Amino acid sequence: MRSCVKVKLPIQASIPEIRVFGRWFYAKLEANAVLEALKRYDVHVKVDWGWVLGIGGDQTIWNPGLWQLKELNTILQAVEDFAAAAGSVEATQKAIGGAIFERVGQGTTAHWGLGRITIADYTFAQSGLRTWLGPKIAIVHELAHYWDWKTGNVWSKALNHSGHIVQNLPHEIGPTFWGRTNPAETWAEDVAGFVYPGYFAILKAEGKPKENFVVQLQYGPVVIPLRMPGLGPQHSSYTARQFQALRVGE
Ligand SMILES: [Zn+2]
């Protein structure tokens with residue numbers, strides 16, 4: 001019996017190798033499928049994986065890059081959630097077409113102008129209530145900055161300032177603590193909360209005092225208490241109007 005086991009061992013040992021190879025192969029196919037699905041919206045990913053020439057240039061080595069397959073899927077899900085709010089592929093292209101996502105390890109998650117959006121480790125490494133929705137909220141937030149940037153005039157584009165989609169809504173405060181930093185952040189947080197109302201539920205559950213309080217909104221003679229965080233009536237309708245405007249001419 002022992003000798004029989006010995007004969008079988010190399011075959012048994014080779015099975016995990018086949019499985020690992022298979023997983024890698026299908027991961028590559030799936031990554032390509034995700035990139036193709038994103039291209040429908042004119043949204044792109046800077047590919048950082050692939051075969052590269054090793055030192056000396058006489059053999060190729062596999063460079064795995066920073067992107068994980070599940071992260072690429074998260075980008076696609078966020079873009080599809082944005083598209084659901086925009087109402088069509090064409091409307092989505094109008095707002096965020098041309099976006100290019102680049103994975104950076106220790107860097108910053110941000111939109112840098114011209115649609116270049118970097119996503120850093122910390123965005124994908126969220127925990128607790130933010131594990132599932134946190135990365136997508138951040139992705140949609142950056143897409144909102146790009147959408148804003150796209151609407152800017154020549155000067156604001158040249159200077160990389162915010163475009164003209166942002167607006168101060170004088171009788172309401174921004175939806176989150178970060179969204180009260182400046183009008184551009186108000187807009188990005190408005191869009192993130194509009195696409196993901198669960199964002200506000202998370203902030204409520206986390207219970208930080210800077211996010212959770214009641215504000216008395218004055219509309220002429222009417223006072224409406226608004227429990228923060230959340231989109232006030234003006235922020236909500238302003239954001240909805242920008243999404244609706246994308247569909248004009250379709
Ligand atoms: Zn921002």
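No value in this document is a laboratory result; all are computed from the given coordinates. Owing to the predicted nature of the structure, the values given are computational and were not obtained by experimental measurement. For neighbour counting, all protein chains shown are included, and Cβ atoms are generated from backbone atoms with ideal geometry for every residue, glycine included.
Is it true that Gln218 is over 30 Å from Gly128 (Cα atoms) and assigned to a helix (DSSP H, G or I)?
no
So that you can scan it fast, the table gives a plain yes or no per residue for (1) within 11 Å of the ligand (Cβ to nearest atom); (2) over 23 Å from Trp49 (Cβ atoms):
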position	(1), (2)
Ile100	no, no
Tyr122	no, no
Arg130	no, yes
Lys136	no, no
His141	yes, yes
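Out of curiosity, is Gly174 crowded, with 18+ Cβ neighbours inside 10 Å, within 12 Å of the ligand (Cβ to nearest atom) and under 12 Å from Pro229 (Cβ atoms)? Can you show your working first?
Numbers: crowded, with 18+ Cβ neighbours inside 10 Å: yes; within 12 Å of the ligand (Cβ to nearest atom): yes; under 12 Å from Pro229 (Cβ atoms): yes.
So Gly174 passes the test.
Pairs needed: first member in region 181-192, within 8 Å of the ligand (Cβ to nearest atom); second member anywhere, aliphatic (A, V, I, L, M); C-beta distance under 8 Å; at least 6 residues apart or different chains.
Pairs found: Ala184/Val166; Ala188/Ala144.
Tell me which residues, restricted to region 102-113, are out of contact with any strand residue (DSSP E or B) (no Cβ under 8 Å at 6 or more places or on another chain) and away from the ligand (no atom under 14 Å from the Cβ). Before you say what the answer is, go through the steps one by one.
Going through region 102-113, the residues out of contact with any strand residue (DSSP E or B) (no Cβ under 8 Å at 6 or more places or on another chain) turn out to be 105-106, 113.
Gly105, Gln106 - these are the residues of region 102-113 that are out of contact with any strand residue (DSSP E or B) (no Cβ under 8 Å at 6 or more places or on another chain) and away from the ligand (no atom under 14 Å from the Cβ).
What single numbered condition from (1) under 18 Å from the mean Cα position of the chain (by Cα); (2) surrounded by 15 or more Cβ atoms within 10 Å (Cβ to Cβ) fails to hold for Trp49?
(1)
Here is a check on your reading of the model: is Ile165 more than 15 Å from the ligand (Cβ to nearest atom) and surrounded by 12 or more Cβ atoms within 10 Å (Cβ to Cβ)?
On the way: more than 15 Å from the ligand (Cβ to nearest atom): no; surrounded by 12 or more Cβ atoms within 10 Å (Cβ to Cβ): yes.
Against the criterion (more than 15 Å from the ligand (Cβ to nearest atom) and surrounded by 12 or more Cβ atoms within 10 Å (Cβ to Cβ)), Ile165 does not qualify.
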